[in-house]
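**Student:** Sharing a structure, written as structure tokens. Questions coming.
The values are calculated or read from the model by the stated rules, or taken from the named source; none is laboratory data. Everything numeric here is computed off the predicted structure, so don't read it as measured data. So basically every Cβ, Gly included, is an ideal-geometry build from the backbone, and we count neighbours across all protein chains shown.
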Amino acid sequence: MLPEHNKSPLLFFLVSIFFTCFQPLEASSETDSTPIVIAHRGASGYLPEHTLPAKALAYAMRADYIEQDLVLSKDNHLIVMHDIYLDNVTDVAQKFPGRARTDGHFYTIDFTLAELKRLQVSGPFVPAVSRNFPQYAGRFPLWKSHFELVTFEQELELIQGLNSSLQYATGIYPEIKKPYFHRAEGRDISHAVLTTLKRYGYVSRDQKVFVQSFDAEELQHIHNTLMPELEMDLPLVQLIAETEWEEKCVQKDGEWVSYNYDWMRTPEGLKKIAGYADGIGPWFPMLVDEVPGDAPYAPNQLTSTAHKLGLEVHPYTFRADPQQLPDNMESFDQLLALYLNDIGVDGVFTDHPDKVRKFIDRQSAISETP
Ligand code: G3P
Ligand code: CA
């Protein structure tokens, strides 16, 4: 038995080792009110979206969470990419001419992982104009260097590896893309995402993860059936779209029609969402009233109503490119001040995580100044 005075250094040493090795990756919003920075498709304002370099850069810029949009390949690999099509971020039209469907699109689900890995990835371009016409002028030049599509596993291993080597606690924010489309193709993408998350240790609210989708019925299925079956309990975020975007389609009289999103922005709709989700992800203009002329933007009731119901609010997508600023906004900081200070959202999806991080850190420094 150790003498009394020798116990404390040993205890201190063991406790230090424990906390160094087993730091819980808790969501920061659960422990303080500082808004979270969600790197939208990585640091996609600086490098081609959803590539590993864009994710590593977002990590280095100290995003709290890094987003993964997920779709399935022909051989059931989860691929990190925004669209169910390959058209506007890869050279698929050059590498695999003749593999488009009759609607003209090259679908990721029609290609094996080995085929997808042969594709060169670039920043988003406008195929209807030219493969050399960027969607966002002034960003990383199209088709330079070498980038490739990655699997969900590859990205999780990158983020977990950096959490290990740098000792930050960066979270993940996967989005299940178009479950209705995958179901029509005979696939269950939600099951694939959830089982992959479980394999990588994301099973409860102790881990730093949000699962998001534009599909309300799918999120209810995940909440009511899939997570209980898999013994998982992860926070869910209901993304809110404009109906005309066709984020989700449903069968009506034998035709695919756009799902109507209008109910989600009503008090009753938010109450329903609070029954299965922990937060909402609205398009950021949905949180202000439309104002004519030079009048300043006025917050509407959506954020305060959501907060009263215990829902977090994570609007998308904050882009610092000058041409992406809303009318009447003179700077990105002015936009951030409106949403983070005046409206009081709990986090933002951004293509420029460094700029949001700096804004939030500056605000914290000001509020801590005596
Ligand atoms: O998931 C939040 C935001 O990414 C939603 O928009 O279309 O970029 O996936 P989208
Ligand atoms: Ca997304």
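**Student:** Could you pull out the residue among LEU340, LEU270, LEU302 that is under 22 Å from the mean Cα position of the chain (by Cα), away from ligand 2 (no atom under 16 Å from the Cβ) and farther than 22 Å from ASP215 by Cβ?
**Tutor:** On the way: LEU270 fails: farther than 22 Å from ASP215 by Cβ; LEU302 fails: farther than 22 Å from ASP215 by Cβ.
Testing whether each residue is under 22 Å from the mean Cα position of the chain (by Cα), away from ligand 2 (no atom under 16 Å from the Cβ) and farther than 22 Å from ASP215 by Cβ leaves just LEU340.
**Student:** Test ASN76 against the stated conditions and say whether it is of a type in the set (S, T, N, Q), within 16 Å of ligand 1 (Cβ to nearest atom), surrounded by fewer than 24 Cβ atoms within 10 Å (Cβ to Cβ) and touching a residue at least 40 places away in the same chain (Cβ under 8 Å).
**Tutor:** Working: of a type in the set (S, T, N, Q): yes; within 16 Å of ligand 1 (Cβ to nearest atom): no; surrounded by fewer than 24 Cβ atoms within 10 Å (Cβ to Cβ): yes; touching a residue at least 40 places away in the same chain (Cβ under 8 Å): yes.
In short, no.
**Student:** Looking at the range 223-259 only, could you name the residues that are aliphatic (A, V, I, L, M) and within 30 Å of LYS198 (Cα to Cα)?
**Tutor:** LEU226, MET227, LEU230, MET232, LEU234, LEU236, VAL237, LEU239, ILE240, ALA241, VAL250
**Student:** Could you check the range 334-354 and list, in sequence order, the residues that are assigned to a helix (DSSP H, G or I) and out of contact with any helix residue (DSSP H, G or I) (no Cβ under 6 Å at 6 or more places or on another chain)?
**Tutor:** Within the range 334-354, GLN334, LEU335, ALA337, LEU338, TYR339, LEU340, ASN341, ASP342, ASP354 qualify.
**Student:** Before we move on, is LYS308 among the basic types (Lys, Arg), buried (at least 18 other Cβ atoms within 10 Å of the Cβ) and modelled with pLDDT of 95 or more?
**Tutor:** Values: among the basic types (Lys, Arg): yes; buried (at least 18 other Cβ atoms within 10 Å of the Cβ): no; modelled with pLDDT of 95 or more: yes.
When the stated conditions are applied, LYS308 does not pass them.
**Student:** For residues that are small (Gly, Ala, Ser) and out of contact with any Asp or Glu (no Cβ under 9 Å at 6 or more places or on another chain), scanning just the range 180-224, find the one that is nearest to GLN238 (Cα to Cα).
**Tutor:** The selected residue is ALA216.
**Student:** What pairs come out if I take residues in the range 165-191 that are under 30 Å from PRO353 (Cβ atoms) and pair them with residues that are away from ligand 1 (no atom under 15 Å from the Cβ) and modelled with pLDDT under 95 whose C-beta lies under 6 Å away, six or more apart or interchain?
**Tutor:** Taking only residues 6 or more apart or on different chains, the pairs are ALA169/LEU25.
**Student:** Right, another one. Just to check your reading of the model, which residue among ALA274, ALA184 is small (Gly, Ala, Ser) and either at pLDDT below 95 or within 23 Å of HIS314 (Cβ to Cβ) (or both)?
**Tutor:** ALA274
**Student:** Moving to a separate point now. Looking at PRO326, is it in a strand (DSSP E or B) and touching a residue at least 40 places away in the same chain (Cβ under 8 Å)? Spell out how you get there, then give the answer.
**Tutor:** Working: in a strand (DSSP E or B): no; touching a residue at least 40 places away in the same chain (Cβ under 8 Å): yes.
When the stated conditions are applied, PRO326 does not pass them.
**Student:** If a residue has to be among the hydrophobic types (A, V, I, L, M, F, W, C), in a loop (DSSP other than H, G, I, E, B) and without any contact (Cβ under 8 Å) to a residue 60 or more places away in the chain to count, how many in the range 304-323 make the cut?
**Tutor:** Taking the range 304-323 and keeping what is among the hydrophobic types (A, V, I, L, M, F, W, C), we get 306, 309, 311, 313, 318, 320.
Now drop any that are not in a loop (DSSP other than H, G, I, E, B), which leaves 309, 311, 320.
Still in the list and also without any contact (Cβ under 8 Å) to a residue 60 or more places away in the chain: 309, 311.
Here the count works out to 2.
**Student:** Continuing with this model, one more query. Would you check if there is a residue in the range 133-146 being out of contact with any Gly (no Cβ under 9 Å at 6 or more places or on another chain), over 19 Å from ARG41 (Cβ atoms) and either of a type in the set (A, V, I, L, M, F, W, C) or assigned to a loop (DSSP other than H, G, I, E, B) (or both)?
**Tutor:** Yes, the range 133-146 has at least one match.
**Student:** Can you confirm whether ALA58 is under 27 Å from HIS191 (Cα atoms), surrounded by 17 or more Cβ atoms within 10 Å (Cβ to Cβ) and within 16 Å of ligand 2 (Cβ to nearest atom)?
**Tutor:** Considered against the rule, which asks whether it is under 27 Å from HIS191 (Cα atoms), surrounded by 17 or more Cβ atoms within 10 Å (Cβ to Cβ) and within 16 Å of ligand 2 (Cβ to nearest atom), ALA58 comes out as no.
**Student:** Now a separate question. When VAL237 is evaluated against the numbered criteria (1) within 16 Å of ligand 2 (Cβ to nearest atom); (2) part of a helix (DSSP H, G or I), which criterion, by number, is the only one it fails?
**Tutor:** (2)
**Student:** Just one of (1) more than 11 Å from ligand 2 (Cβ to nearest atom); (2) buried (at least 19 other Cβ atoms within 10 Å of the Cβ) trips up PRO53, so point out which.
**Tutor:** (2)
**Student:** Across the range 270-303, what is the number of residues that are in contact (Cβ under 8 Å) with a residue 40 or more places away in the chain and small (Gly, Ala, Ser)?
**Tutor:** Number satisfying all stated conditions: 3.
**Student:** Oh, and also: May I ask you to list the residues in the range 28-71 that are of a type in the set (Lys, Arg), over 12 Å from VAL356 (Cα atoms) and away from ligand 1 (no atom under 12 Å from the Cβ)?
**Tutor:** Matches in the range 28-71: LYS55 only.
**Student:** Further question: Of the numbered conditions (1) touching a His at 6+ places or on another chain (Cβ under 8 Å); (2) among the basic types (Lys, Arg); (3) surrounded by fewer than 20 Cβ atoms within 10 Å (Cβ to Cβ), LYS355 fails exactly one; give the number of that condition.
**Tutor:** (1)
**Student:** Go through the residues of the range 87-104 one by one and say whether even a single one is within 16 Å of ligand 2 (Cβ to nearest atom), crowded, with 19+ Cβ neighbours inside 10 Å and within 18 Å of GLY186 (Cβ to Cβ).
**Tutor:** Checking the range 87-104: not a single residue is within 16 Å of ligand 2 (Cβ to nearest atom), crowded, with 19+ Cβ neighbours inside 10 Å and within 18 Å of GLY186 (Cβ to Cβ).
**Student:** Restricting to the range 166-184, count the residues that are surrounded by 15 or more Cβ atoms within 10 Å (Cβ to Cβ) and either closer than 16 Å to LYS248 by Cβ or more than 16 Å from ligand 2 (Cβ to nearest atom) (or both).
**Tutor:** Qualifying residue count, the range 166-184: 11.
**Student:** Looking at (1) within 16 Å of ligand 2 (Cβ to nearest atom); (2) more than 22 Å from ASP321 (Cβ to Cβ); (3) of a type in the set (Ser, Thr, Tyr), find the lone condition where TYR107 falls short.
**Tutor:** Only one criterion is unmet by TYR107, namely (1).
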